[in-house]
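J.: For reference, the structure I am asking about is given below.
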Amino acid sequence: MVTALDNDITDIKADNIGDFTFPERNKFDAGFGVSPRTVDYISDVKNDPDWIREFRHKALEIFNSKPMPTHWATKDLDNIHFEEFRYYLSDGQKPKRSWDEVPEDVKRTFERLGIPEQERKFLAGVEAQYDSEAAYSNVKKVLEDQGVIFVNSTEGLHKYPEIFRPWFGKVIPTSDNKFSALNSAVFSGGSFIYVPKGVKVSHPLQAYFRINSEQFGQFERTLIIADEGSEIMYMEGCTAPKFETSTLHSAVVELVAMKGAKIQYVTVQNWSSNVFNLVTKRGIAHEDAEVRWIDCNIGSRLTMKYPGVIMKGKRARGEVISIALANSGQHQDTGAKMIHLADDTTSNVVWKSISIGEGRSTYRGQVHIPKHLKGCKNNTECDALLINSSSRTDTYPAISVKGNKHATQHEASVSQVSEDQIFYLMQRGLTEAEAMSLSVNGFINDLVKEFPMEYSVELKRLIDLEMEGSVG
Amino acid sequence: MSLVIENLTAQIPDRQILNGLNLTINPGEVHAIMGPNGSGKSTLSKVLSGHSDYEVTAGTVTLDGQNILDLEVDARARTGLFLAFQYPHEIPGVSNANFLRAALKARLPEGEDIDAVAFYKQLYTRMDQLEMDRSFTGRSVNEGFSGGEKKRNEILQLMMLEPKYAILDETDSGLDIDALKVVARGVNAMRSESRGFLLITHYQRLLDYIQPDIVHVLMDGQIVLTGGKDLALKLEEKGYDWVKDEVLATA
C-alpha cells in the first residue's frame, strides 16, 4: 500500500539517509536535536511516571556536561552532530520505503545470505516489523506458564515497577559515559525480562518474538533480571545488514544475575557503514552466578562496545567472547571490562578481530582485581588477523591486579594469513577469495562455535561475502 | 594428451634455477626426478603449480594441450594438476573434511554442492587405505600432525581430488619405513592408465616402493640423464658425481 507518507520521502537515497525531511503530520516526532523540551516530549508521549521523567532530565544534564571521550577514543566521535538527529519518532510514523527503493547491493546480500523473503523487507526498512506472531505464540505460552516476564522496556516500567525500578540504571549509572547518559535521557524500546527463581528458560529469547512497536529503536534500553538459580539466553540482532535510516545508535543493556543464576547475551550485529554504534553493556553477577557476553560486530562506521561483568558475589564468573570484523571505512573499537569484587571470582575474555582492506580493529580491555581479595582469576586472549597490508589493529589492555593471591594471564597475537597458506589452498583448487575466506573462518572457528547454530552458519556465509574483493 | 614441459626456464630475482628443462609425462606413466641438493627439483614443482616467487622467463607447459603458464594457481589445480607438498601447510581452525569438501566443491559448477553421504563414504575408504584414524576428519588441516601424518594427509588429498597429473615433492622425506610403505600403497592405488605421476626425490628408497617407469637426473636446472629404474639404483650406488663425469664425457 502506498501512503501519502511514502510519497513524501521517495527521494531517500542510500548516501543521504538520515537527512530527509519528514512530513509535519507526524503525530509523535520530537524533532531535531536534544533539549529538555525533547525529553518532556518523549515523557509526555510515553506517559512516563514522574521518576522516569526526572531520571531523563537528570541524564540530559549529565550528557551535556560530559565532554566527548576523544582524549582516549577516536577523534571520529567529533563528527557526530547531535543537533542533526531526531531522538524520538513514534512507531507507524517511522520512515518507510518501498522495496524498489532498497539499493541493489543490499537486496543482493539478502539473497545470498538466504534471508527469508518476509524478513528481507523488515530488514530493509520496508516493513516496520517482522511478523513472527506464529512463532511467538508458542514461546509466549511456555514463558507465561513459567512466570517469565518478557515485554518492552516501557511496558516493563509501567507494569512491573517493583521489579524494574530497583535495578534500572543501577548496573550502568547514567553518568557512566556520555552515551549512556544520552540513552538515559531519550531511551525508548528494548526489552525487559524477568526470570523467576529456579526457572530455566529452554529457548533462547529474541526481540523477534516480542511483538511491539519499538523493538529496534535507536536508543534501546534493555534490562534482564535472572532471579536466583534461573537461566536464560537472549539473542539480539542478526547477520543480515540492517539498512538504517538513522546513523546514531546508542543502546544500554543491563543484566542482573542473582545468586546462582546464568545469563548469556548473544549479539550479532551487521550495521550499514554509516552508523555510529556506541553501546554500553554490563552485567552484575552475584554469588555463584555467571554472565556471558557473546558478541559479534560487523559493519558500522564506528562501533564502541566493551561488555562488562561486575563479579559481586563469591565464585561469580564473567565471560566475554568477542568477534569483530572491520572492512574499509570501518572501525571496530571493542573489548571487555571485568571487575572482580569478591573472592574466587573468575573472568575470561577471548577476543578475535579481522581487519580487511583499510579496516581497523581496536581491543580495549579492563581487568580490575583489588588488593583485599583472594583467589581471583582472569584469562585474556586477543588475536588479531590482518588481511591486507593497509589493515590495522591496536590493543589497549588495562590490567590492574593488586595482591598476590590471584592468577591472571594475558596473551595477544597479531597475524596475517601467510602467502604460503593461500598458495597451499589454491593448489587444491580454491580461488584466492575462497582460500582467504576459509582461512578467516578457521581463525574464528573456535569462537563461532559459541554462537547458536543458525547464527554460526550465517556468520560463515557473511564472512565469505565480506572477503570478496578484499584480495588480489 | 600429456603434461609437456618444453625449454622451461625460471628464476627468482637474482638467480636462474631452471635452465631450459624438457620433460613429457604421458598418462599412465610414473616418472622420477632425482638430483643433488640445489639442482632445482623443488623449484620445478613450484613453477609448475604457479608459485609467485618464481618468474618463468622462457618455455611452455601444456596440460593435455592447454597452456597452463598463463593460469592462476587455482585454475591450474582445477585443470588436473596436483602437488603433494614437501612441507604441507597448517590451516588452523579448518577441519580436514571441510577443507576437502571445499576443494571438491571448487571443481563443481557454481551453485552445485557435493553429495555429503557419498563424500564421507569415499573419504573413509581412502582413510582406511592410508591407515588414518577417523578422528583426522575433524582435526584442523595438518595442525599438530607429525611429519608422517602430514605426508599421509597429502596422499589423502590426492586420492580425494583424483588429479590427471600428480607431482610428489620429496614425499618420502621424514617418513619411517612403515609410513613410507603406507604412503606408497596409497600412491600405487592411484596409478592408472589415465593418470601421470612425477616423483621428486633425493633418495632411491622411495622407488623401491613406487616403481617408476622412467628416471631422470636433474642438475643445474636441466635434465641431464634419463633411464629406466635401474638408473636410480646406479645413482644410489655411485652418487651424483658419477653423473657429472658421464655428462661431461658426452658433452
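J.: Just which residues of segment B:106-120 lose 10 Å² or more accessible area with every protein chain there, against their chain alone, with the probe set to 1.4 Å?
T.: Buried by the other chains: B:Ala106, B:Arg107.
J.: Separate question: Starting from 0.36 nm per residue, how many nanometres of slack lie between B:Asp133 and B:Asn7 once their C-alpha separation is accounted for?
T.: Here the answer is 41.0 nm.
J.: Mean residue ellipticity at 222 nm from the helices of chain B, using -39,500 (n - 2.57) per DSSP H segment of n ≥ 4 over the full residue count, to the nearest 500 deg cm²/dmol?
T.: Calculated mean residue ellipticity at 222 nm is -11000 deg cm²/dmol.
J.: Which whole number gives the average count of other chain Cβ atoms within 10 Å of the Cβ atoms across peptide B:69-81?
T.: Per residue, the average neighbour count from other chains is 4.
J.: Separate question: Determine the sum of side-chain charges near A:Ser184: Lys and Arg each +1, Asp and Glu each -1, restricted to other residues whose C-beta is under 10 angstrom from that of A:Ser184.
T.: +2
J.: Can you give me the angle between helix B:229-238 and the longest principal axis of chain B, using Cα atoms only, in degrees from 0 to 90, rounded to the nearest 10?
T.: 60 degrees
J.: Going down the list A:Lys141/A:Lys200; A:Lys46/A:Lys305; A:Lys46/A:Lys170; A:Lys46/A:Lys159; A:Lys259/A:Lys312, which pairs span over 20 Å between their C-alpha atoms?
T.: A:Lys46/A:Lys305; A:Lys46/A:Lys170, as the Cα separations exceed 20 Å there.
J.: For a protection proxy built on the mean count of beta-carbon atoms within 10 angstrom, sort A:66-76, A:51-61, A:224-234 highest first, please. Write out the running numbers ahead of the final one.
T.: Numbers: A:66-76: 11.7, A:51-61: 18.0, A:224-234: 22.3.
Top of the packing list down: A:224-234, A:51-61, A:66-76.
J.: Moving to a separate point now. My understanding is that a pair violates if its Cα-Cα distance is over 18 Å; which of A:Lys197/A:Lys262; A:Lys377/A:Lys402; A:Lys197/A:Lys337 do that in this structure?
T.: The pairs that break the limit, which is 18 Å between Cα atoms, are A:Lys197/A:Lys337.
J.: Kindly identify segment A:133-417 as rounded, prolate or oblate by the Cα gyration tensor criterion: order the square roots of the eigenvalues as a ≥ b ≥ c, call it rounded if a/c is under 1.5, otherwise compare a/b with b/c, prolate if a/b is larger, else oblate.
T.: Numbers: a/c = 1.83, a/b = 1.13, b/c = 1.61.
Since a/c reaches 1.5 but b/c is at least a/b, the shape of segment A:133-417 is classed as oblate.
J.: Report, to the nearest 10°, how far helix B:240-250 tilts away from the longest principal axis of the Cα atoms in chain B, using its own Cα long axis and a range of 0 to 90°.
T.: That helix lies at roughly 50 degrees to the long axis.
J.: Right, here's the next one. Would you work out what percent of the accessible area of segment B:114-251, with all protein chains in place, is carbon or sulfur (probe 1.4 Å)?
T.: Carbon and sulfur atoms account for 48 percent of the accessible area of segment B:114-251.
J.: While we're looking at this one, here's another question. With a 1.4 Å probe, what is the total accessible area buried between chains B and A, in Å² rounded to the nearest 100?
T.: Buried area (both sides, nearest 100 Å²): 2000 Å².
J.: Also: I'd like to check one number: the per residue accessible area of segment A:133-417, probe 1.4 Å, reported in Å² as a whole number.
T.: Working: 9300 Å² over 285 residues.
Spelled out: the 1.4 Å probe surface of segment A:133-417, per residue, equals 33 Å².
J.: Let me ask another. Which of rounded, prolate or oblate describes segment B:113-217 when judged by the alpha-carbon gyration tensor and an a/c cut-off of 1.5?
T.: Oblate, since a/c reaches 1.5 and b/c is not below a/b.
J.: Mind checking the mean number of beta-carbon atoms from other chains within 10 Å of the Cβ atoms in B:42-50?
T.: Mean inter-chain Cβ contacts per residue within 10 Å come to 1.
J.: Per 0.36 nm of contour for each residue apart, how much would the distance between A:Ala398 and A:Lys141 grow if the chain were fully extended, relative to their Cα-Cα spacing?
T.: Separation in residues times 0.36 nm, less the Cα-Cα distance, equals 88.0 nm.
J.: Another question, if that's okay. Excluding residues on the same chain fewer than 8 positions from B:Lys121, give the aspartates and glutamates whose Cα lies under 18 Å from its Cα.
T.: Straight-distance partners of B:Lys121: B:Asp113, B:Glu131, B:Asp133, B:Glu162.
J.: So, one more: Apply 1/(1 + (r/R0)^6) to the Cβ-Cβ distance of B:Ile177 and B:Val56, taking R0 = 30 Å, and write down the FRET efficiency to the nearest 0.05.
T.: Efficiency, rounded to the nearest 0.05: 0.20.
J.: According to the square roots a ≥ b ≥ c of the eigenvalues of the Cα gyration tensor, what is the shape class of the protein assembly as shown, taking rounded for a/c under 1.5, prolate for a/b larger than b/c otherwise, and oblate for the remainder? Display every interim value, and only then the final one.
T.: On the way: a/c = 2.65, a/b = 2.18, b/c = 1.22.
Here the protein assembly as shown falls in the prolate category.
J.: Just to confirm, what accessible area per residue do you get for segment A:418-472 at 1.4 Å probe, in whole Å²?
T.: 38 Å²
J.: Given a Förster radius of 51 Å and the C-beta distance between A:Ser273 and B:Asp208 as r, what FRET efficiency does 1/(1 + (r/R0)^6) yield to the nearest 0.05? The partial results should precede the final answer.
T.: Values: r = 61 Å, r/R0 = 1.20.
Efficiency, rounded to the nearest 0.05: 0.25.
J.: Further, regarding this structure: Excluding residues fewer than 8 places away in the same chain, name every one of the lysines whose C-alpha is closer than 27 Å to that of B:Lys238.
T.: Output for B:Lys238: B:Lys41, B:Lys181, B:Lys229.
J.: Take B:Asp14 and B:Ala118, extend 7 Å from each Cα along the Cα→Cβ direction, and tell me the distance between the two endpoints in nm.
T.: Distance between label points: 5.3 nm.
J.: Given a 1.4 angstrom probe, what's the average accessible area per residue across chain B, in square angstrom?
T.: Heavy-atom accessible area per residue stands at 44 Å².
The values are calculated or read from the model by the stated rules, or taken from the named source; none is laboratory data. This is a predicted model, so every value here is computed, not measured. Using ideal geometry, Cβ is built from the backbone for each residue, glycine included, and neighbour counts are taken over all protein chains shown. Protein only, heavy atoms only, side chains kept; ligands, DNA and RNA dropped before computing areas. Shrake-Rupley method; radii C 1.70, N 1.55, O 1.52, S 1.80 Å.
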